[in-house]
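Some notes on the structure that comes next.
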Amino acid sequence: MTLAPDGNLYVLSRTALTRFDAVLGVQSGNWQARTLLGSLNDARALAWLVP
């Protein structure tokens with residue numbers, strides 16, 4: 001799980017990388033999810049490249 005400065009929460013599961021709108025979720029309880037990467041096979045780690 002990563003809370004990014006852009007107000008999004010990123011969660012890596014075994015099969016997908018999902019983004020949640022953290023600002024909207026905290027304000028209204030409506031955690032809108034969007035799958036960014038799917039069909040992963042036993043994902044274990046994620047590396048962020050920051051320019």
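One table, with the values for the structure above:
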quantity	calculated
Whole-Hz couplings from phi, Karplus 6.51/-1.76/1.60, listed for segment 26-43; x for Gly and Pro	5, 6, 10, x, 9, 7, 6, 9, 9, 6, 8, 9, x, 6, 6, 10, 6, 5
Carbon plus sulfur fraction of accessible area for the chain, probe 1.4 Å, in percent	55 percent
Relative packing of 34-40, 5-11, 17-23, 45-51, which averages over residues the other C-beta atoms within 10 Å, highest first	17-23, 5-11, 34-40, 45-51
Amide H contacts under 5 Å for Leu37, placed H, 5+ residues apart	Leu17
Phi to ³J(HN,Hα) by Karplus 6.51 cos²θ - 1.76 cosθ + 1.60 over segment 8-21, Hz, x for Gly, Pro	10, 10, 10, 10, 9, 10, 4, 10, 7, 10, 10, 10, 10, 7
For the chain, radius of gyration divided by Kirkwood radius, i.e. Rg to Rh on alpha-carbons	1.00
Rounded accessible area per residue of the chain, 1.4 Å, Å²	80 Å²
Helix-derived mean residue ellipticity, 222 nm - over the chain, DSSP H n ≥ 4, -39500 (n - 2.57), to 500	-3500 deg cm²/dmol
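The values are calculated or read from the model by the stated rules, or taken from the named source; none is laboratory data. All values derive from a computational prediction rather than experimental measurement. Don't worry about glycine lacking a Cβ; one is built from the backbone with ideal geometry, like all the others, and counts go over all protein chains shown. Surface areas here come from the heavy atoms of the whole protein model, side chains and all, with no ligands, DNA or RNA. Shrake-Rupley method; radii C 1.70, N 1.55, O 1.52, S 1.80 Å.
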